[in-house]
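Following: one structure in structure tokens, then a few remarks.
The values are calculated or read from the model by the stated rules, or taken from the named source; none is laboratory data. Note that the structure is a prediction, hence the values are computed from the model and not measured. No Cβ is skipped: glycine too gets one built from the backbone with ideal geometry, and neighbour counts run over all protein chains shown. Calculation scope for accessible area: heavy atoms of the full protein, side chains included, ligands and nucleic acids excluded. Shrake-Rupley method; radii C 1.70, N 1.55, O 1.52, S 1.80 Å.
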Amino acid sequence: VVLWAWFGDQSRGRRRCRKCWYDMSAFPATDEGRRCPECGHRHKHEGLLYQTRRRKWLAAIGVCIALCAQIAWRMPHYNERGPSAFVPTIALVLLFEQLDNLGGPPGPAAGQISRPVLELDRRIGRESTPDLYRRWLVRSAIDIAGDADADVADRLRAIRVMQLSEDPNGSYLYQARGEVNHAPPYDRRVSSFNVDAEGAISALAMASIETNNNLRSNALNALAAYYSSFGAPKPGGFSPARHAYAALLASTASDDVRVREAAARAIHGLGGNAPAPVWRIAYRTIEDTALPSDVERYAEAVNDSAATQRLLLEDVESDDERTAVLAAWGLGLVGEGDDVRTALRQADATGTADLQLVAFAALRVFADRHGEELDAAWLTELLQDDDPERWHHAFATLAEQGGSELVLAERLLKAARAAEDTADLAFARSWSRHLRNQLDALDSGTRGEIEAVLDAVDAAVAPGQ
């Protein structure tokens, strides 16, 4: 109807009055011939007599009919999803911070998530949605999450988007309901890390030291997701812990168990393969008590690497074992310079059993971060320690660094002969096989000497097989 009303009645060579549409074909193309005999309207030039007749009222009626049909077709969506069903996707993305104010109560069985937010969730994962919209959404979420003046509900919603954007399967941003997942490889898709890694971690760290415990626990849970089993592989060369560790330690002194629990998960997650004491002590803050209140001073060092390191160096000497252990692990993750290496070696030499184990693991992390190796003489000295965990770690590290196979084999023989449980025997058996695989690269004389020691190791562990 609209097309016919606008384009259907064309001139087709007929001369017609532009005002009353009287057929003037019989009149000559002169000044007098351009005056309509019906209504008296004079046309300034000949071209005006050949225009298409537009029936505007009929076109308006057609548009109204089309709108009514569209509304009727979308009415079920409106009843289910509210007015946001009619809002364009780009508007939902650009108005992300105001979505809760666009109207519509929370959706059915959706908790506190409003209908506009649910509508955006439905659309952002569609294959037809451009990556530019996803990038705008994540960028907005990062800015809102780190804005101390933003509404808590808006910051919680932003943190949720940041965390979901790191889903290794890309389900939130790249899979709508009923559609096949179309997420590209992680390094080519939109995520909070790929949009602004440093900004994302800093925003979550700032949110984790706010006074609202619900906001704090959600931010800490999001931080935990970045390097946990949920988090996808992250770009190399960037350490989330550098920006977040101070916030995590400050949160271990919270009176709210949800905050402490989330902080414990994040301490373990951001540290990758944290040693058992770190995990155990971090969780002891949940089941037992919070860390001493002076740990809260780390909140003032968030996003300040120098201040964070200064506090960690102080606390690695703390009389509170939990504080010292977590400080030692933090130095391994974020520390820089010889002062850190010296402090960790001191903690390894004089600390409690747990602190020694964590200090050694922190030294390995520190060395890996800087492309260094641990001192072979020091590791060889640790091989003689009576603590199984300490010499096991020293042995594995020395073997990985290419230490003397003969020294390692002799330590295995000593352990195999003194083994008191199956764990020691299993360790000796496993590393004996590993060392045998390295013998081909040695000269015949050295190889024969080491093989003789390994034969003795195998004989010692044989009764335990």
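Could you give each residue of the range 116-131 its phi-based ³J(HN,Hα) in whole Hz, using Karplus coefficients 6.51, -1.76, 1.60 with θ = phi - 60°, and x for Gly or Pro?
x, 5, 4, 5, 5, 4, 5, 8, 5, x, 5, 5, 6, 6, x, 4
Just to confirm, what accessible area per residue do you get for the chain at 1.4 Å probe, in whole Å²? Write out the running numbers ahead of the final one.
Details: 22810 Å² over 465 residues.
Per-residue value: 49 Å².
Do any cysteines of the chain lack a neighbour Cys whose Cβ is under 4.7 Å away, and which are they?
So far as the 4.7 Å Cβ criterion goes, CYS64, CYS68 stand without a partner in the chain.
Put ARG16, ARG54, ARG297 in order of accessible area, largest first, 1.4 Å probe: what do you get? It would help to have the intermediate numbers written out before the result.
Values: ARG16 15, ARG54 100, ARG297 65 Å².
Order by accessible area, largest first: ARG54, ARG297, ARG16.
When the Karplus curve 6.51 cos²θ - 1.76 cosθ + 1.60 is applied with θ = phi - 60°, which whole-Hz ³J(HN,Hα) does each residue of the range 147-162 get, with x for Gly and Pro?
With coefficients 6.51, -1.76 and 1.60, one gets 8, 5, 8, 6, 5, 4, 4, 5, 5, 4, 5, 5, 4, 4, 4, 4 Hz.
Magnitude of the Cβ-charge dipole of the chain, K/R +1 and D/E -1, about the Cα centre, nearest 20 debye? Could you put the intermediate results ahead of the total?
On the way: 52 positive and 66 negative charges, 1137 e Å.
Charge dipole, the chain, about its Cα centre: 5460 debye, nearest 20.
What's the carbon and sulfur percent of the chain's accessible surface, probe 1.4 angstrom, rounded to a whole number? Provide the component values of the computation, followed by the final result.
Values: 11680 of 22810 Å².
Solvent-exposed carbon and sulfur of the chain make up 51 percent of the total.
For a quick check of understanding: with a 1.4 angstrom probe and all protein chains in place, what accessible area in square angstrom does ILE71 have, to the nearest ten?
Its heavy atoms expose roughly 80 Å² to the probe.
Cut-off under 14 Å on the C-alpha distance; same-chain residues fewer than 8 positions from LYS56 excluded. Which aspartates and glutamates are left, in chain and number order?
ASP9
Roughly how many Å² of SER202 are accessible to a 1.4 Å probe, to the nearest 10?
20
If I take R0 = 30 Å and measure r between the Cβ atoms of ALA353 and ALA426 in this structure, what FRET efficiency does the formula 1/(1 + (r/R0)^6) give, to the nearest 0.05?
Details: r = 22 Å, r/R0 = 0.72.
FRET efficiency, ALA353 to ALA426: 0.85.
Relative to the longest principal axis of the chain, what angle (0 to 90°, nearest 10) does the C-alpha long axis of helix 305-315 take?
Helix 305-315 sits roughly 30 degrees off the main axis of the chain.
Quote the accessible area belonging to ARG160 in square angstrom, nearest 10, computed with a 1.4 Å probe and with ligands, DNA and RNA left uncounted.
Taking all protein chains as shown, ARG160 has close to 70 Å².
State the percent of C-alpha pairs, over all pairs in the range 128-171, separated by a distance greater than 11 angstrom.
Details: 613 of 946 pairs.
Looking at the range 128-171, the distances longer than 11 Å represent 65 percent of pairs.
Probe radius 1.4 Å, ligands and nucleic acids left out: which of TRP378, TRP6, TRP21 has the largest accessible area, and how do the rest follow?
Values: TRP378 25, TRP6 95, TRP21 60 Å².
Ranked from most to least accessible, the order is TRP6, TRP21, TRP378.
Tell me the label only: which of [x] -0.36, -0.93; [y] -0.47, -0.97; [z] -0.32, -0.98 is log10 I(q)/I(0) by the Debye sum over Cα atoms at q = 0.06, 0.11 Å⁻¹ as calculated from this structure?
The value computed from this structure is option [y].
Could you please put HIS434, HIS43 in sequence from largest to smallest accessible area, using a 1.4 Å probe? Mind dumping the intermediate values first?
Working: HIS434 70, HIS43 5 Å².
So the residues, ranked largest to smallest area, are HIS434, HIS43.
Suppose we look only past 20 Å in the calculated P(r) of the range 308-460. What percent of the Cα-Cα pairs does that tail hold? Could the numbers behind the result be given before it?
On the way: 6163 of 11628 pairs.
Of all Cα-Cα distances in the range 308-460, 53 percent exceed 20 Å.
Taking the mean number of other Cβ atoms within 10 Å as a proxy for protection, how do you rank 298-306, 213-221 from highest to lowest? It would help to have the intermediate numbers written out before the result.
On the way: 298-306: 17.0, 213-221: 23.1.
Ranking the peptides 298-306, 213-221 by packing returns 213-221, 298-306.
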